[in-house]
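For reference, the structure discussed in these notes is given below.
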C-alpha cells in the first residue's frame, strides 16, 4: 500500500500549470510549488501596502467565499476544538457574514465592491482590471490608476474592519 501512496504523491508532485495558464498569470516559486502572484502580493512587494492591508484583503476574500459559496477557506488548526454546529448555525454564520459584506458595500460604495471582487475574488491582474475599468486610457496609465485605487481601497478596508470591531 505504501508504494501506491508514493506513486500518487509523485504524480501530484509533477503537476504544473497548463501552458495557457503560464502565459496568462504571473507565477513565483514557493518551495516546490508555483503560486500565482496576486495583486495584493504585488502591492505588498512594492511596499504600497502593509501587513494590515494584506490581512484585511485575506479576511475579505475568505468572508466573500463563505458568504457566496459556503466554503470555509482557512488554515488547518491542529489541536483546536471548535464547537460543532449544525446546518442552522452554519447558515446563520453565512448570513452574518453576508450582512457584514453588505454593510461594507453600503459604506464604501459599489465601485469599491467591484474592485474588491475583481482584485480578490476573481484574482484579476492590474492590466485586466484596467482594460475593463478604463478602456479608453493607455494601458500603462490605466494600470497605474487601478493600482493606486486598489492600495487606497485596502487601506479603507482596514479602517472599516477596525471601526466595526467585527
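Throughout, read-outs are computed from the coordinates displayed, never taken from laboratory work. The shown structure was predicted, so the numbers you read here are calculated from the model rather than taken from an experiment. Reconstructed Cβ throughout: ideal geometry from the backbone, glycine too, with neighbour counts over all protein chains shown.
Among what's in the stretch 83-95 and is within 16 Å of residue 62 (Cα to Cα) and in contact with a helix residue (DSSP H, G or I) (Cβ under 9 Å, 6 or more places away or on another chain), pick the residue that is surrounded by the most Cβ atoms within 10 Å (Cβ to Cβ).
Across the stretch 83-95, the extreme among qualifying residues is 94.
Which is without any contact (Cβ under 8 Å) to a residue 24 or more places away in the chain, touching a helix residue (DSSP H, G or I) at 6+ places or on another chain (Cβ under 7 Å) and surrounded by 12 or more Cβ atoms within 10 Å (Cβ to Cβ), of 108, 133, 116?
Details: 108 fails: without any contact (Cβ under 8 Å) to a residue 24 or more places away in the chain; 116 fails: without any contact (Cβ under 8 Å) to a residue 24 or more places away in the chain.
On inspection, the qualifying residue turns out to be 133.
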